[in-house]
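Asks: Could you have a look at this structure, given as structure tokens, before my questions?
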Amino acid sequence: MTNETMFARAQRVIPGGVNSPVRAFGAVGGTPRFFERAAGAYLWDVEGRRYIDYVGSWGPMVLGHTHPAVVAAIQAAAARALSFGAPTEAETLLAERLCELVPSIERVRLVSSGTEATMTAIRLARGFTGRKIIVKFEGCYHGHADALLVKAGSGALTFGHPSSAGVPEETAAHTLVLSYNDAEALGAAFARQGAQIAAVIVEPVAGNMNLVLPAPGFLQALREHCSRHGALLIFDEVMTGFRVALGGAQAQYDIRPDLTTLGKVIGGGLPLGALGGRRDIMEKLAPLGPVYQAGTLSGNPLAVAAGLATLQLVVQPRLLERIAATATALTEALVAEARKAGVAFSAQSIGSMFGLYFREAPPKSFTEVMQSDRARFNRFFHAMLGQGVYLAPSAYEAGFVSAAHGEAEVAATLEAARKAFREIG
Ligand code: KE4
């Protein structure tokens, strides 16, 4: 049984052999690794090879894989029930926890994915304001709801065009796509259509065009324009929540959004997302209000148990700071290794997220991201994979460090990078 034979077999029954496109290695080439076991900072593939994992299931595994306390919580919940489709105390406990950790969240609705959370946030914003236009930013990803699979032709102010087949032009037409960090374009959009804008949805720290930090004042400008024009500010913290800081990027940058979407970490690796925010907005959701939203497995007992156990550990004093220090040490050492090898490379981290760039300096916009040397990243990716280091299989994804990544994992990663930088030359 090899990764190749597993991939060939999967492709006979699953489109592209994967259940989420980025997993297919389409961006980097080669054969995806089929994993069968994980523990701490490590993954093992079907050929028995071990990898240091910097994907962490795209964010959820902030404690490291199969943390004993999380596994035990899931096992205990499973022994009682797998699903009720009825309210449980655990859902209230998780909702209370989220309201406590993210003060802008006064009411919260649990769902089963980040996409469900952002899809609902858009519908709720439109229902609350009675307006249609949604503003998003090119390079930001908010899941695959129709209204959000839209991007501009350029980075300029423009009405969106679908970036996926199957999204009607009429749907895309209500999505305005701007350039991330371009406060001028933002001001122009509000000046022209502020009264028709229902909401702005943003990754307060962008992690889906690789890692791009908000420019000084950008998030504040979003908050001011939304407040002035009666539009809602939605922080999509599905990735940044409990990764950038305990209270999310909103705590790090001291901005109070009207709505926040969460996912990944709050499910501890099980399917769970959340939409939360101002009480007056959230209470427009059914059954209290006219905006419908529902889900058979929303608040699933096992996912909620995993999320509660994870958050119980994440709030431990200095845990996130310790993981952030590991991410900083890793990125700084990688930059030093690249410099020794004469490779044009930069890197940065924020909390436990990091970005690696084959360009002289970290990008500050989608345009600068696209100027990175993608071919060189792909060669670096495979050189690292061959030495047992699993990076995100795309130049346009952020990486993640966990509490289980220690000095040994960082040292082994640097040893592999030393060789990889020389190999790609
Ligand atoms: P999910 O529906 O995949 O749970 O969440 C969608 C989503 C929403 N918002 C943000 C900021 C996100 O990063 C995501 C999902 N992130 C990707 C990683 N870039 C998930 C990986 C994948 O699509 O397989």
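The values are calculated or read from the model by the stated rules, or taken from the named source; none is laboratory data. The structure displayed is predicted, hence computed values, not measured ones. Every residue, glycine as well, gets a Cβ built from its backbone with ideal geometry; the counts of neighbours run over all protein chains shown. Side chains included, ligands, DNA and RNA excluded: accessible areas come from the protein's heavy atoms. Shrake-Rupley method; radii C 1.70, N 1.55, O 1.52, S 1.80 Å.
Asks: If you scan the stretch 224-234, which residues turn out to be touching a Lys or Arg at 6+ places or on another chain (Cβ under 9 Å) and crowded, with 20+ Cβ neighbours inside 10 Å?
Replies: Residues satisfying the conditions are Ala231, Leu232, Leu233.
Asks: Separate question: Can you confirm whether Arg97 is modelled with pLDDT of 95 or more, surrounded by fewer than 22 Cβ atoms within 10 Å (Cβ to Cβ) and closer than 24 Å to Gly143 by Cα?
Replies: No; evaluated as a whole, the condition is false for this residue.
Asks: Of the residues Ser104, Ser57, which single one is hydroxyl-bearing (Ser, Thr, Tyr), within 16 Å of the ligand (Cβ to nearest atom) and either in a helix (DSSP H, G or I) or open to solvent by less than 40 Å² (accessible area, probe 1.4 Å) (or both)? Lay out the reasoning, then the answer.
Replies: Working: Ser104 fails: within 16 Å of the ligand (Cβ to nearest atom).
Sole residue among the options that is hydroxyl-bearing (Ser, Thr, Tyr), within 16 Å of the ligand (Cβ to nearest atom) and either in a helix (DSSP H, G or I) or open to solvent by less than 40 Å² (accessible area, probe 1.4 Å) (or both): Ser57.
Asks: Would you mention how many residues in the stretch 1-34 are modelled with pLDDT of 95 or more, open to solvent by 70 Å² or more (accessible area, probe 1.4 Å) and not in a helix (DSSP H, G or I)?
Replies: 3
Asks: Considering only residues that are open to solvent by less than 80 Å² (accessible area, probe 1.4 Å) and not in a loop (DSSP other than H, G, I, E, B), which ones fall in the stretch 269-295?
Replies: If the condition is that a residue be open to solvent by less than 80 Å² (accessible area, probe 1.4 Å) and not in a loop (DSSP other than H, G, I, E, B), then Leu270, Gly273, Ala274, Leu275, Gly276, Gly277, Asp280, Ile281, Met282, Leu285, Val291 are the ones that fit.
Asks: While we're here: Out of all the residues in the stretch 66-81, which are open to solvent by less than 30 Å² (accessible area, probe 1.4 Å) and either touching a His at 6+ places or on another chain (Cβ under 9 Å) or not in a helix (DSSP H, G or I) (or both)? Give the steps one after another, and end with the answer.
Replies: Taking the stretch 66-81 and keeping what is open to solvent by less than 30 Å² (accessible area, probe 1.4 Å), we get 70, 73, 77, 81.
Result: Ala81, single match.
Asks: Shifting gears a bit: For Ser298, indicate whether it is open to solvent by 10 Å² or more (accessible area, probe 1.4 Å), modelled with pLDDT of 95 or more and within 14 Å of the ligand (Cβ to nearest atom).
Replies: So Ser298 fits the description; yes.
Asks: Among the numbered criteria (1) more than 16 Å from the ligand (Cβ to nearest atom); (2) open to solvent by less than 10 Å² (accessible area, probe 1.4 Å); (3) outside any helix (DSSP H, G or I), which one does Thr261 miss?
Replies: (1)
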